[in-house]
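Colleague: Handing you this structure, nothing more for now.
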């Protein structure tokens, strides 16, 4: 307690003093972020030096780049001794890098197929697109096949009729129980494909040709080939992987053992050995005289390979689900398949999105390995471009183009998966 | 309709009907398994029958006798004695050793690069973190094969030829006068012994006795060092005071080794430019360098992501507790975070090691003579034994993979968190 009059009472607040010089503005920002301790300072300096060195050594090469020339020699004449990239090779050969030896008059077909593929993907990837467009997504595989390989439109159409036959058989026999109905549907569809579809196709083709010029698999190459193999492998490996993952968690010992053996075998050997098996040995496992398309064989092997990895990823998602989910589904009276479809899989797949997309990206990158069995993927084409007299000894420009395209596609996939994870996030952590 | 409740007075009489095989959950799984088994056996029989008929059509038999016939081709990188007169089997072993060497080297570097990049990516320094993000995204999204070709092209195109090292105005120089990076390979000093004890005959390989002795001494030293530490642990737990061990460790780990090296007359053989190429020293071929760099930097990006995920999995409270104890950022990482994060990091790390081992088979792209290029390449082409060769290769890769994943299971069993689930 203070009695009487105090000598002095400050009526107003003192103005805030300026922070010390090192504690404000840019200086503080720099100190806290870049030079907090000696290690941080060292790293900052080292990374700045590294970035400067890279920029310094690459910038003249990039800024002097020549975009208009017919050959590497012409490039060098234009550069006249200066250091510079020769991106003219991309301008000269981009069509080959994208389509391989696909007939140039038919380039519109793969381009259209690619555009339609994006349209078919839209309703799958984005929920804002109306659901009825999913119908087009189911039609696209046949349409895309027809556009790229050519031939008669009736071939994919009769294949789809086989699916319809199977569907009708399933509807008719549904009374007999799910397993039997599915088996009968499979058998009737198979009968249609093996027995009826061939004659029907020929008959219809005579009636109304509807054919495009046929393009053989040998003529395909470049990113067209990578995307065909990658997209087919990706879209087949997900459903097959789900089945295999369920097989591995099955309570039937035989089914579980078979799944484990398959998965561990495929994951234990390099993809190259499987591809060599496809190109050298697959024919000797089939009835004598069978010979089918090399691209198809490669797609089968790549799909099997991706399926095994996918199964492990999905198994991880299944294992992360609490047992209570299975029990709750059973308590509701759902049978096995209904429980999987309505309760288990939607959650398990959501958990495994990062892994699934990682294995998609891995599969797409692995399509480059087909160069080893003589298919003309972008890397094989870069080798053959380098072997021509015009472009002998050109490396970096081709690598940058191929790597850049792969980067765009793979990076796009990983960004989409992050978006999907955020969209599906329902927990409140 | 009213429900009528009947109390069973006796067990309902149940006869076995055929439809119960499908409708009764007690029998259904048996039915399915029998069906699967039949399909499987039919399928295998069909495949084997086709194979036999195809082999008969080609006039081939199924035998591995080609492994004992003369190979007749050269392998430019060999860890054990090999020349063109030796057998295909021997060539396969040389290739397998090359595969293993490449895998071990790449695993080691990929771990170092990956752990560094993963830790730095979490750094509070934005420049460093961004740079590491660029590294990771760049390498993860571009195919490994392309990176291997890029490093192969760097080694063959962007590096000076041996002739650039010659003369008074040489445009290139050796690093510390010991290492020469040329477009014919990297030359490094080789360890040499003045006094050799001879070689040990193991049948397949003849390792130098000097090396064998050195390895044994190193092993003995490591065990002795561990004994010293165990003793210190015991004393500490009994008395609370830890005896000083660092000088004992230093002596045990270095003295016997140095003594032995001195006794053997250890010295380094430096590479020298003689004629058109470097002579002496150890030559690491371009193919090995390109594969090594490609595999380790590419896989390093994946390991970096695993390390980052492992560190982020440790709750922030651990960091805060360590800071509260007064530990700095580096010590927090080393003593508190990393030991816990390791439990999360190691399983995916080992699956990356598996990937490296399998990806060594891309050596074909730059002409590295690994198992796939020797047994799976030239031998198959020369003998026409695709079936046997591919089978053998798959079996070998499969056993390598199983060994690695077996070691992972051992690790998981030993380091499982007690009581807690991360």
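Just so you know, all these numbers are worked out from the coordinates, no wet-lab data involved. Computed from a prediction, not measured in an experiment: that's the story for all the values here. Cβ sites come from the backbone with ideal geometry, for glycine too, and all protein chains shown count toward neighbours.
Colleague: Which residues in segment B:195-228 have a backbone N closer than 18 Å to a point placed 7 Å from the Cα of residue B:238 along the Cα-to-Cβ line?
Modeller: Counting only backbone N, you get B:227-228.
Colleague: Pairwise over distinct Cα atoms, reciprocal of the mean inverse distance: report the Kirkwood radius of segment A:214-370 in Å, one decimal place.
Modeller: When all Cα pairs of segment A:214-370 are included, the Kirkwood radius is 17.0 Å.
Colleague: To continue, here is another question. Once you keep just the Cα pairs under 8 angstrom separated by 6 or more residues, what percentage relative contact order results for chain A? Please report the intermediate quantities before stating the final value.
Modeller: Details: 417 pairs, mean separation 66.3, N = 429.
Worked out over chain A, it gives 15 percent.
Colleague: Let me ask another. Considering only C-alpha atoms, what is the centroid distance from segment B:90-142 to segment B:353-422, in Å?
Modeller: Cα centroid to Cα centroid, the span is 18 Å.
Colleague: On to the next question. For segment B:305-363, what percent of Cα pairs sit more than 15 Å apart? Show your work: numbers first, answer last.
Modeller: Details: 945 of 1711 pairs.
For segment B:305-363, the fraction of Cα-Cα distances above 15 Å is 55 percent.
Colleague: Along the Cα→Cβ direction, 7 angstrom out, place labels at residue B:414 and residue A:251. What is the inter-label distance in nm?
Modeller: 3.8 nm
Colleague: Based on the Kirkwood radius over alpha-carbon pairs, what value in µm²/s does the Stokes-Einstein equation return for the translational diffusion coefficient of segment A:151-212 at 25 °C and 0.890 mPa s?
Modeller: Rounded to a whole number, D works out at 201 µm²/s.
Colleague: How big is the Cα convex hull of segment B:91-142 in projection, averaged over all directions, in nm²?
Modeller: On the way: hull surface 17.0 nm².
Orientation-averaged projected area of the Cα hull: 4.3 nm².
Colleague: Using only the alpha carbons of segment A:93-148, determine the length spanned along each of the three principal axes and report them from longest to shortest in whole angstroms.
Modeller: So the extents along the principal axes, rounded to whole Å, are 39, 20, 12.
Colleague: How large, in Å, is segment B:95-225 by the Kirkwood hydrodynamic radius built from its alpha-carbon pairs? If you can, show how the numbers build up before the last one.
Modeller: Details: mean 1/r = 0.0510 Å⁻¹.
Kirkwood hydrodynamic radius for segment B:95-225: 19.6 Å.
Colleague: Listed highest first by mean packing, meaning other Cβ atoms within 10 Å per residue, what order do B:132-145, B:288-301, B:86-99 come in?
Modeller: So the order, starting with the most tightly packed, is B:288-301, B:86-99, B:132-145.
Colleague: Give me the distance in nm between label points sitting 7 Å out from Cα along the Cα-to-Cβ direction at residue B:226 and residue B:399, one decimal.
Modeller: 2.6 nm
Colleague: With springs connecting C-alpha atoms under 10 Å apart, model chain A as a Gaussian network and identify which of A:396, A:38, A:108 has the largest mean-square fluctuation.
Modeller: It is A:38.
Colleague: Here is a further query. So how compact is segment B:116-186: Cα radius of gyration and Dmax in angstrom?
Modeller: Expressed in Å, the Cα Rg and Dmax of segment B:116-186 come to 17.5, 49.
Colleague: Considering the zone a paramagnetic label at residue A:83 would reach in this model (a point 7 Å from Cα along the Cα-to-Cβ line), which residues of segment B:165-207 have amide N under 19 Å from it?
Modeller: B:165, B:170-173, B:181-183
Colleague: Let me ask another. Other chains near A:375-382: what is the mean number of their Cβ atoms within 10 Å of each residue's Cβ?
Modeller: Mean number of neighbouring Cβ atoms from other chains: 1.
Colleague: Can you quote the Å³ per residue value for the convex hull of the Cα atoms in chain A, rounded to an integer?
Modeller: For chain A, the hull spanned by Cα atoms encloses 314 Å³ per residue.
Colleague: If I take all pairs of Cα atoms in segment B:43-92, what percentage of them are more than 15 Å from each other?
Modeller: The calculated P(r) of segment B:43-92 puts 60 percent of pairs beyond 15 Å.
Colleague: Counting helices only, and only those DSSP H runs with n ≥ 4, report the 222 nm mean residue ellipticity of chain B as the sum of -39,500 (n - 2.57) divided by its residues, in deg cm²/dmol to the nearest 500. Mind dumping the intermediate values first?
Modeller: Working: 12 runs with 243 residues, N = 422.
Helices in chain B give a 222 nm mean residue ellipticity of -20000 deg cm²/dmol.
Colleague: In which sequence would B:249, B:65 go, from the one with the fewest C-beta neighbours within 10 Å to the one with the most? Walk me through the numbers on the way to the answer.
Modeller: Values: B:249 17, B:65 11.
Fewest to most other Cβ atoms nearby, the residues stand as B:65, B:249.
Colleague: Counting only other chains, what is the mean number of Cβ atoms within 10 angstrom of the Cβ of each residue in peptide A:392-401? Kindly include the intermediate steps, with their values, before the conclusion.
Modeller: Values: counts 0, 1, 0, 8, 5, 0, 3, 6, 1, 0.
For this peptide, the per-residue mean of nearby foreign Cβ atoms is 2.
Colleague: Would you mind listing how long chain B runs along its three principal axes, going by Cα atoms, in whole Å with the largest first?
Modeller: So the three principal-axis extents are 110, 76, 47 Å.
Colleague: Any idea what the alpha-carbon Rg over 2.2 N^0.38 Å comes to for segment A:1-64?
Modeller: In units of the globular-protein estimate, segment A:1-64 measures up at 2.40.
Colleague: Take the Cα pairs of segment B:11-129, get the Kirkwood Rh, then feed it into Stokes-Einstein at 4 °C and 1.567 mPa s and tell me D in µm²/s.
Modeller: Numbers: Rh = 21.8 Å.
Rounded, D is 59 µm²/s.
Colleague: Can you give me the P(r) profile for segment B:235-364? Cα pairs, bins 10 angstrom wide beginning at 0, each as a whole percent.
Modeller: Each 10 Å bin holds this share of Cα pairs: 9, 18, 20, 29, 17, 5, 1.
Colleague: Can you sort B:397, A:309 by how many other beta carbons sit within 10 Å, fewest first?
Modeller: In increasing order of surrounding Cβ atoms, one gets A:309, B:397.
Colleague: Let me ask something else. Quote the Stokes-Einstein diffusion coefficient, in whole µm² s⁻¹, for segment A:338-383, based on the Kirkwood radius over alpha carbon pairs, a temperature of 10 °C and a viscosity of 1.306 mPa s.
Modeller: Estimated diffusion coefficient is 122 µm²/s.
Colleague: Where does segment A:295-429 land on Rg(C-alpha)/(2.2 N^0.38 Å)?
Modeller: 1.48
Colleague: Then there is this: Along each principal axis of its Cα atoms, how long is the protein assembly as shown end to end? Whole angstroms, biggest number first, please.
Modeller: 102, 93, 63
Colleague: To the nearest whole number, what is the average tally of beta carbon atoms from other chains within 10 Å of the beta carbons of peptide B:118-131?
Modeller: Partner Cβ neighbours, averaged per residue: 4.
Colleague: Same structure, new question: Would you mind calculating the relative contact order of chain B from Cα pairs under 8 angstrom and at least 6 residues apart, reporting the percent as a whole number?
Modeller: 22 percent
Colleague: Let me ask you something else. Between helix A:222-248 and chain A, what is the angle of the helix's C-alpha long axis to the longest principal axis, kept within 0 to 90° and rounded to the nearest 10?
Modeller: 80 degrees
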